[in-house]
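What follows is a short report on a single structure.
The values are calculated or read from the model by the stated rules, or taken from the named source; none is laboratory data. Note that the structure is a prediction, hence the values are computed from the model and not measured. Neighbour counts run over all protein chains shown; Cβ positions are idealised from the backbone, glycine included. Heavy atoms of the whole protein, side chains included, go into the accessibility calculation; ligands, DNA and RNA do not. Shrake-Rupley method; radii C 1.70, N 1.55, O 1.52, S 1.80 Å.
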Amino acid sequence: MKKLVPLLVAMVMLTSACGALAQEERTPVSIISFDYGRIVKEDDPIVEKIGEITGTEISVNIVPKDQFLQKLNLMIAAKDVPDIIRFNGYDHFQYIDTGALLDLTPYLEQYPSLKAVMPQEAWDLVTVDGHIYTIPNYNVPGKYSYYMRADWLENVGLKQPKTLEELREVLIAFTYNDPDQNGVDDTYGLSVSDLIGSMEVTCFMPIFGAYGIQPNRFFEKDGKAYNPVLTENYKQALQFCYQLYSVDKVVDPDIFVIQADAAKQNMVNSKTGSAVGWWATICEKLNDQLKMPSICPQAKWVMCNDITGPNGDCGMLANTLNSFTVSISADSPHIDKCLELLSFLGSDE
């Protein structure tokens, strides 16, 4: 026993030392990203597990989206750029000529899982003169949906609309026929869940789609790009929106100024009968985050049919193929470890 005790103590000390050593051997990898309505918890077990598997000590700096490029520019000027940079859309293009981004072209063959996880079309969109400076994030097109209260449809005795005139009939009923059956005139047929741009209001998306166009987007015809704002279809779409907003008054009058949080609260509190939202608006935002099932258990949101226009057109705005991209700093001292980490994040595991 006298011999065994020192041996056990030595083993414990060795194990502790090995554990500390393993921890010290982890390579620090810093990441900067624009915020996407999410936060990073310091003790997130998933981040810790990823670090354990990849031998990295991961630190993430989340920057408000509207301040991201300004913050990054200051870091580049100070030569204090994080190892990995997550760009919004194609913002990385403006940094290629600065030399701040690593040319990934010679490395991709060494990490085939990185290349294989994205379709060639996505890589083509980020290739400049045969060189690749960022890893694309492939996005399945068609992320926006038109949602409607199915229980309200039952209460007003109507079915899901399929045409513009049927849509107008439903929105009028949702506004004036007490669809929530509370005896109070406090509902609107159509509102927003988000504003996706300073000149775009999402709730009109299915209406413009019914005329084969969308605002602030260019379209192609006979091999030439054109702006639909000059077309007859755009004029007709605006006239229909005007009818709903100013004549029928079935659209929430605050759609141009309301904040996203307040708009979603209106949906939760049964002030809104239909709205356009991101694919996760109902399941993630309303049900999980805002607890709508406990606040309004009778509510039943469903994804609407396509709203078809006079020429048979329909459609919603699709997101860009690459919603964000991931680059590595040209000055990173841990290039291989960064590539290993990103390769692991793209793997089945």
Hand me the list of helices (runs of 4 or more DSSP H) wholly inside the range 154-251 holding 3 or more residues that are open to solvent by 70 Å² or more (accessible area, probe 1.4 Å).
164-176, 232-242
Filtering the range 77-99 down to residues that are surrounded by fewer than 18 Cβ atoms within 10 Å (Cβ to Cβ), in a loop (DSSP other than H, G, I, E, B) and not hydrophobic (A, V, I, L, M, F, W, C) yields Lys79, Asp80, Gly89, Tyr90, Asp97, Thr98, Gly99
Are any residues in the range 114-140 of a type in the set (Val, Ile, Thr) and either crowded, with 17+ Cβ neighbours inside 10 Å or in contact with an Asp or Glu (Cβ under 6 Å, 6 or more places away or on another chain) (or both), and if so, which ones?
Val117, Val126, Ile132, Thr134, Ile135
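Every residue, every condition in (1) farther than 18 Å from Ile207 by Cα; (2) open to solvent by 50 Å² or more (accessible area, probe 1.4 Å); (3) of a type in the set (Val, Ile, Thr); (4) touching a residue at least 60 places away in the same chain (Cβ under 8 Å), yes or no:
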position: Lys285; (1), (2), (3), (4): yes, yes, no, yes
position: Pro293; (1), (2), (3), (4): yes, yes, no, no
position: Asn305; (1), (2), (3), (4): no, yes, no, yes
position: Thr308; (1), (2), (3), (4): no, no, yes, yes
position: Leu321; (1), (2), (3), (4): yes, no, no, yes
position: Ile328; (1), (2), (3), (4): yes, no, yes, yes
position: Glu340; (1), (2), (3), (4): yes, yes, no, yes
position: Ser343; (1), (2), (3), (4): yes, no, no, yes
position: Gly346; (1), (2), (3), (4): yes, no, no, yes
Could you grab the pairs with beta carbons closer than 7 Å, sequence gap of 6+ or different chains, first residue in the range 94-107 and free of Cβ contacts under 8 Å to residues at least 40 places away in the same chain, second one assigned to a helix (DSSP H, G or I) and not charged (D, E, K, R)?
Thr98/Ile76
Unique residue being among the hydroxyl-bearing types (Ser, Thr, Tyr) and out of contact with any Ser or Thr (no Cβ under 7 Å at 6 or more places or on another chain) when the list is Ser294, Ser343:
Ser294
Look at the range 104-113 and say how many of its residues are outside any helix (DSSP H, G or I) and either open to solvent by 70 Å² or more (accessible area, probe 1.4 Å) or under 13 Å from Gly346 (Cα atoms) (or both).
3
Do we find that Thr163 is at pLDDT 95 or above, under 20 Å from Asp306 (Cα atoms) and of a type in the set (Val, Ile, Thr) in this structure?
yes
For the range 38-52, how many residues meet the condition of being surrounded by 13 or more Cβ atoms within 10 Å (Cβ to Cβ) and of a type in the set (Val, Ile, Thr)?
3
Index of the failed condition, Ser332 passing every other in (1) polar (S, T, N, Q); (2) in a loop (DSSP other than H, G, I, E, B); (3) closer than 30 Å to Asn233 by Cβ:
(3)
Does the range 135-144 include one or more residues that are basic (Lys, Arg) and under 26 Å from Lys65 (Cα atoms)?
yes
Which members of the range 192-229 meet the condition of being of a type in the set (Ser, Thr, Tyr) and at pLDDT 95 or above?
Tyr211
Residue list for the range 256-292, restricted to those being assigned to a loop (DSSP other than H, G, I, E, B) and in contact with a helix residue (DSSP H, G or I) (Cβ under 6 Å, 6 or more places away or on another chain):
Gly273, Leu290
Tell me, which residue of the range 53-76 that is under 24 Å from Ser343 (Cβ atoms) and in a strand (DSSP E or B) is least open to solvent (accessible area, probe 1.4 Å)?
Thr56
So which residues in the range 259-273 are more than 19 Å from Val184 (Cβ to Cβ) and crowded, with 19+ Cβ neighbours inside 10 Å?
Ala263, Lys264
Would you please list the contacts, defined by Cβ atoms under 7 Å and residues six or more apart or on different chains, that run from a residue in the range 246-265 that is closer than 11 Å to Val201 by Cβ and at pLDDT 90 or above to a residue that is in a helix (DSSP H, G or I) and open to solvent by 10 Å² or more (accessible area, probe 1.4 Å)?
Val251/Tyr245
Which members of the range 72-90 meet the condition of being in contact (Cβ under 8 Å) with a residue 12 or more places away in the chain, more than 21 Å from Pro333 (Cβ to Cβ) and out of contact with any Phe, Trp or Tyr (no Cβ under 8 Å at 6 or more places or on another chain)?
Tyr90
